[in-house]
Amino acid sequence: MRDPKHVLVTGASSGIGAALARRYARRGRVLSLCGRDAARLAAVGAACRSLGAEVDASILDVADREAVRAWIARRDAVAPLDLAIANAGISGGTGGGAAPDGLVEPRAQHDAIMAVNVDGVVNTVNAAMAAMAPRRRGQVAIVSSLASFRGFPGAPAYCASKAMVRTWGEALRADASAAGIGVCVVCPGYVRSPMTDRNDFPMPFLMEADRAAALVERGLARNRARIVFPLRLYLLLRIFAALPEPLLDRIMARLPRKRGLGAG
């Protein structure tokens, strides 16, 4: 969508979410931002206000369906919602002593990842589309990951959560389009953020959040079904996934493991 007047971003306190909030901040635009880190979210809100935007910055757990529904309905009543970016997400794996046996994620970590990365996205998108449907106008963006295209050892819940929301968003697009609502799926690679700062392994083609936000904004303006970046890493992953399984197994066994939510 080009020039949305009211933009909502979840997970806006850091990383891509914070960069998107700043990217969309300008005079005459309403921003509805939520996050869980009060200090960081307040700083993002202040930066957006300094750029002329009208900002609501709310502490919110996107896994709380009723709280998300109420917040979005309240913000839509202030100004009709044009663009909702379901960006909130968390990451975790089996590395760094996160799993007792080094293999299976603790159930609490698995559940936490699914609650935010899957339920949080569904809660946000459903509430946003309910607000947009009567007007037959609007757009939602679902932030997935390049990790959605192949499950990687050490991060089963994270990869699964991102694959689920990517597939779900792609399945929604046709019916939503018929109702006047655009659905775009965003699949970034490694983007500098507090979440990736915890990784203690090489991250190929690591991108700054501001650059990532610019690519997302451009893709959304064109209503692209799938916004993927960096392109080189995406192409490498698709080639990688097409390798013979015996070779793929040997490579996978040597890959580093993502740290758990409480590791390190």
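Just one of (1) touching a residue at least 12 places away in the same chain (Cβ under 8 Å); (2) closer than 26 Å to residue 109 by Cα trips up residue 249, so point out which.
Status for residue 249: all satisfied but (1).
Okay, residues lined up against (1) surrounded by fewer than 14 Cβ atoms within 10 Å (Cβ to Cβ); (2) touching a helix residue (DSSP H, G or I) at 6+ places or on another chain (Cβ under 8 Å); (3) within 19 Å of residue 143 (Cα to Cα):
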{"residue": "198", "(1), (2), (3)": "no, no, no"}
{"residue": "213", "(1), (2), (3)": "no, yes, yes"}
{"residue": "220", "(1), (2), (3)": "no, no, yes"}
{"residue": "233", "(1), (2), (3)": "no, yes, yes"}
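Got a sec? Which of 75, 26, 22, 69 is part of a helix (DSSP H, G or I) and farther than 21 Å from residue 181 by Cβ?
Result of the check over 75, 26, 22, 69: 22.
What number goes with the only condition from (1) closer than 21 Å to residue 212 by Cα; (2) in contact with a strand residue (DSSP E or B) (Cβ under 6 Å, 6 or more places away or on another chain); (3) assigned to a loop (DSSP other than H, G, I, E, B); (4) not acidic (Asp, Glu) that residue 81 does not pass?
Every condition holds for residue 81 apart from (1).
Return the residues of the range 172-182 that are assigned to a helix (DSSP H, G or I) and either among the polar types (S, T, N, Q) or within 12 Å of residue 125 (Cβ to Cβ) (or both); say none if nothing qualifies.
Selection gives 172, 173, 176, 177.
Among the residues of the range 209-216, is there at least one that is closer than 27 Å to residue 84 by Cβ and either polar (S, T, N, Q) or at pLDDT below 85 (or both)?
So far as the range 209-216 goes, no, none of its residues is closer than 27 Å to residue 84 by Cβ and either polar (S, T, N, Q) or at pLDDT below 85 (or both).
Among what's in the range 141-159 and is in a helix (DSSP H, G or I) and either in contact with an Asp or Glu (Cβ under 7 Å, 6 or more places away or on another chain) or without any contact (Cβ under 8 Å) to a residue 40 or more places away in the chain (or both), pick the residue that is surrounded by the most Cβ atoms within 10 Å (Cβ to Cβ).
157
Look through the range 29-51, keep the residues that are more than 15 Å from residue 213 (Cβ to Cβ) and touching a Gly at 6+ places or on another chain (Cβ under 7 Å), and return whichever of them is surrounded by the fewest Cβ atoms within 10 Å (Cβ to Cβ).
My answer is 41.
Which residues, taken from the range 105-126, are assigned to a helix (DSSP H, G or I) and over 19 Å from residue 144 (Cβ atoms)?
If the condition is that a residue be assigned to a helix (DSSP H, G or I) and over 19 Å from residue 144 (Cβ atoms), then 107, 108, 109, 111 are the ones that fit.
When you look at residue 99, is it at pLDDT below 95 and either touching a strand residue (DSSP E or B) at 6+ places or on another chain (Cβ under 6 Å) or among the small types (Gly, Ala, Ser) (or both), yes or no?
So residue 99 fits the description; yes.
The values are calculated or read from the model by the stated rules, or taken from the named source; none is laboratory data. Not measured: the values here are computed from a predicted model. Here Cβ is always computed from backbone atoms with ideal geometry, including for glycine, and neighbour counts include all displayed protein chains.
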